[in-house]
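Visitor: For reference, the structure I am asking about is given below.
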Amino acid sequence: MRPGVEGRARVSAQAKLMNIYLPIAEMSVNVVLFLGMGSAVGFLSGLFGIGGGFLLTPLLIFMGVPTAVAVGTGSMQILASSVSGAIAQYRRNNVDVKMGAVLVAGGVIGSVVGVSLMKILRQIGQFELFVSLSYVTFLGAVGALMLIESIGTIQRQRTGQAAPVRKTGQHSWVHGLPLKMRFHRSKLYISALPPAMIGAFVGFMAAIMGVGGGFVMVPAMIYLLRVPTSIVIGTSLFQIVFVMAATTLLQAMENKAVDVVLGLLLIVGGVIGAQFGAAAGARLKGEQLRFMLAALVLLVCLRIGWDLMVKPTELFSIGPVIGGGA
Amino acid sequence: MRRELLACLLAAALAMTASAQEHEGPPPDVPAPTVVPPPSQPKETVEADISTRELAVTTGFTGHEIVVFGAIDNSQAPKEDATGYYDVVIVVEGTPFPVVVRRKSEVAGLWINTSSITFKSVPSYYAIASSRPIEEIAGPLVLERHAIGLHHIKMTPAGNTGAGYKDYELAAFKAGVIRLKKQENLYVLEPHGVTFAGRSLFRSTIALPANVPVGPLVARTYLFRNGEVVSAHIGRVTLHRAGIERLVHNFAFVYSTTYGIIAVLIAVLCGMIASTFFRRKTA
């Protein structure tokens with residue numbers, strides 16, 4: 001992803017009256033534009049029931065926000081948008097706190113590794129590349145799987161076939177691992193290692209990509225750990241809240257990459273947009289929503305991939321010297 | 001393209017002097033003054049000042065225009081307007097910082113950063129305003145001696161980061177820095193940015209963009225006659241963070257742990273406020 005100089009020029013050309021200077025990103029941005037961006041992403045996250053980090057972070061980079069600040073501030077916005085959901089799920093007793101704690105423990109370790117790796121990658125000048133490649137890989141894989149699944153469901157409904165019944169209760173390799181724990185709420189007796197590993201992976205992604213990671217954690221919990229579907233959303237939100245809090249703190253300490261002014265703009269916009277999105281989403285069918293979301297995910301993936309593949313008009317880039325790196 | 005531009009600028013410069021002469025009325029048959037004044041006269045010197053000495057960067061900062069103005073003491077300009085006899089060049093330079101320049105090349109179908117050079121000190125901001133294009137004012141040697149002009153900015157590779165690069169490759173990296181800085185409006189050329197008002201007064205407006213790096217700026221004013229510097233003056237503007245902007249920035253860099261905790265608290269609080277507010281509304 002290339003920082004958009006054009007984007008910056010466009011912003012500065014607009015009425016300067018509504019501009020605000022971001023203290024960490026060190027740029028002057030249009031308040032209305034960024035509030036609008038926050039609410040657009042909020043609308044989509046409310047519509048699809050997703051965190052929206054995978055949309056917001058690339059969008060911020062396209063607008064000229066430095067990649068590190070976009071990723072760091074993204075985690076602050078995700079924290080805010082997950083808190084209300086997590087509280088609601090906890091009240092409905094949909095959180096397996098023990099499972100959540102294991103996921104959080106793994107997540108914090110993953111986040112520490114991710115933030116440290118980010119520092120090294122910034123020093124050697126490969127951070128932007130790594131972020132782009134991670135986005136293309138994950139969005140491509142998740143988008144393709146969702147697209148196939150939703151098209152299958154839509155076709156089956158047209159032809160009147162029943163969905164194939166998933167075999168339950170089967171033991172997989174997950175059940176052969178040591179350190180077994182009893183997770184009462186999920187009615188599971190499994191090793192603590194797989195949830196910790198999933199948590200760590202999601203925490204790592206959160207730090208590097210500025211996403212919540214729900215789109216990886218939810219399928220992993222359902223298909224690998226066999227956690228009941230009713231518990232999955234609440235427990236993953238529980239993990240996201242704590243891991244995002246840790247990531248925000250680490251990004252502020254290690255990379256000085258959290259811009260609270262930008263964060264507040266995005267949070268305020270996001271909260272408003274999410275309410276409208278949730279209302280609109282209630283009128284659409286699940287598989288229709290999944291199809292639209294898959295298309296959106298693949299579009300973002302292609303856009304980022306395009307920038308990597310096509311010869312850029314400017315081969316050079318300049319940046320400050322970070323740390324003691326060459 | 002470049003020649004056309006130059007020709008265009010020249011024409012503009014000629015038109016300006018021509019119109020100036022029309023206003024003054026008397027003898028149009030005298031072209032450009034070439035007479036060197038007798039040595040008995042006192043040497044001309046330049047005095048200059050800047051409209052703003054200190055500039056506060058607050059959350060409302062969207063850039064600022066500074067005016068560099070001055071006068072030529074003991075002006076020997078033969079007519080009412082100093083244009084053509086004297087040339088004034090104003091260089092405003094920001095604090096130099098080390099900069100990493102990276103170059104992308106194609107690796108297995110992907111465009112990735114493959115080579116980099118760290119330049120020890122690159123001015124964060126560099127604006128040149130002159131009474132006419134600097135190439136017309138003085139020769140390259142004079143300009144280089146006084147570090148006037150984008151191509152005379154001294155960029156030396158730090159440590160051994162420049163080792164193994166040929167001269168033309170180094171030049172390409174330097175040109176890259178200048179091009180990118182120009183795109184960000186941080187390197188600015190104003191070939192007719194200095195205007196004379198009468199025999200000895202001149203002024204120039206220099207726009208500092210919103211993204212101008214915070215720190216001291218040095219404004220050098222040069223007085224040229226016949227392609228040589230006859231006098232120079234140095235002034236300073238300091239850009240410093242102020243208000244909430246300063247508070248937030250200092251906090252983030254000095255007390256980064258506390259800053260991080262506050263960022264987390266803000267996010268959690270916002271989320272909780274939103275959930276209670278909208279639940280009440282929808283319930």
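Visitor: For the cross-link pairs A:LYS256/B:LYS174; A:LYS311/B:LYS174; A:LYS119/B:LYS181; A:LYS256/B:LYS120; A:LYS119/A:LYS256, which exceed 19 Å when the distance is taken from alpha carbon to alpha carbon?
Guide: Violating the 19 Å Cα-Cα cut-off are A:LYS256/B:LYS174; A:LYS311/B:LYS174; A:LYS119/B:LYS181; A:LYS256/B:LYS120.
Visitor: May I ask you to compute the full-extension gain from A:ALA144 to A:ALA295, defined as 0.36 nm times their residue separation minus their alpha-carbon distance, rounded to one decimal in nm?
Guide: Extra length from A:ALA144 to A:ALA295 when fully extended: 53.5 nm.
Visitor: Seen from all sides and averaged, what is the projected area of the convex hull of the Cα atoms in the protein assembly as shown, in nm²?
Guide: 34.8 nm²
Visitor: Also, I was wondering about something else. For segment B:56-125, compute Rh as the Kirkwood radius over C-alpha pairs and then the Stokes-Einstein diffusion coefficient at 25 °C and 0.890 mPa s; write the answer in µm²/s, rounded to an integer.
Guide: Value of D from the Cα-based Kirkwood radius: 139 µm²/s.
Visitor: Sorted by average packing, counted as other Cβ atoms within 10 angstrom per residue and highest first, what order do B:130-142, A:32-44 take?
Guide: Listed from highest to lowest mean packing, they are A:32-44, B:130-142.
Visitor: Just counting partner chain Cβ atoms within 10 Å, what average do the residues of peptide B:57-64 show around their Cβ?
Guide: Counting other chains' Cβ atoms within 10 Å and averaging over B:57-64 gives 5.
Visitor: Going by average Cβ neighbours within 10 Å, how do the peptides A:120-133, B:107-120 rank, with the highest at the top?
Guide: Ranked from most to least packed, the peptides come out as A:120-133, B:107-120.
Visitor: How high is the relative contact order of chain A, in percent, counting Cα pairs under 8 Å that sit 6 or more residues apart? Numbers along the way, then the final one.
Guide: Working: 525 pairs, mean separation 120.2, N = 326.
The value is 37 percent.
Visitor: For chain A, restrict the atom set to alpha-carbon positions and state the Rg and Dmax in Å.
Guide: 20.2, 64
Visitor: Quick one: Cα centre-to-centre distance for segment A:51-80 and segment A:253-267, in angstrom?
Guide: The two parts, judged by their Cα centres, are 9 Å apart.
Visitor: Next up: Kirkwood-based Rg over Rh for segment B:186-283 (C-alpha set), two decimals?
Guide: With Rh from the inverse mean 1/r over Cα pairs, Rg/Rh is 1.31.
Visitor: Regarding segment B:43-240, what is the average projected area of its C-alpha convex hull, in nm²?
Guide: Working: hull surface 52.5 nm².
So the Cα hull casts an average projection of 13.1 nm².
Visitor: Just tell me how shielded B:94-100 is by partners: mean number of partner chain Cβ atoms within 10 Å of each residue's Cβ, no decimals.
Guide: 3
Visitor: Continuing with this model, one more query. In whole angstrom, how far apart do the alpha carbon centroids of segment A:178-246 and segment B:220-244 sit?
Guide: 60 Å
Visitor: Also: From the backbone phi of segment A:58-68, what are the Karplus-calculated ³J(HN,Hα) couplings (6.51 cos²θ - 1.76 cosθ + 1.60, θ = phi - 60°) in whole Hz, Gly and Pro given as x?
Guide: Once rounded to whole Hz, the list reads x, 4, 5, 5, 4, 7, x, 6, x, 3, 4.
Visitor: Right, something else. Give the average, rounded to an integer, of partner chain Cβ atoms located within 10 angstrom of each Cβ in A:308-321.
Guide: 6
Visitor: Order A:22-29, A:142-149 from most to least packed using the mean count of other Cβ atoms within 10 Å.
Guide: Working: A:22-29: 23.2, A:142-149: 16.4.
Result, highest mean Cβ count within 10 Å first: A:22-29, A:142-149.
Every number in this text was worked out from the coordinates using simple rules, so none of it is lab data. Quick caveat: nothing in here was measured; it's all calculated off a predicted structure. Cβ atoms come from the backbone with ideal geometry, glycine included; neighbour counts cover every protein chain shown.
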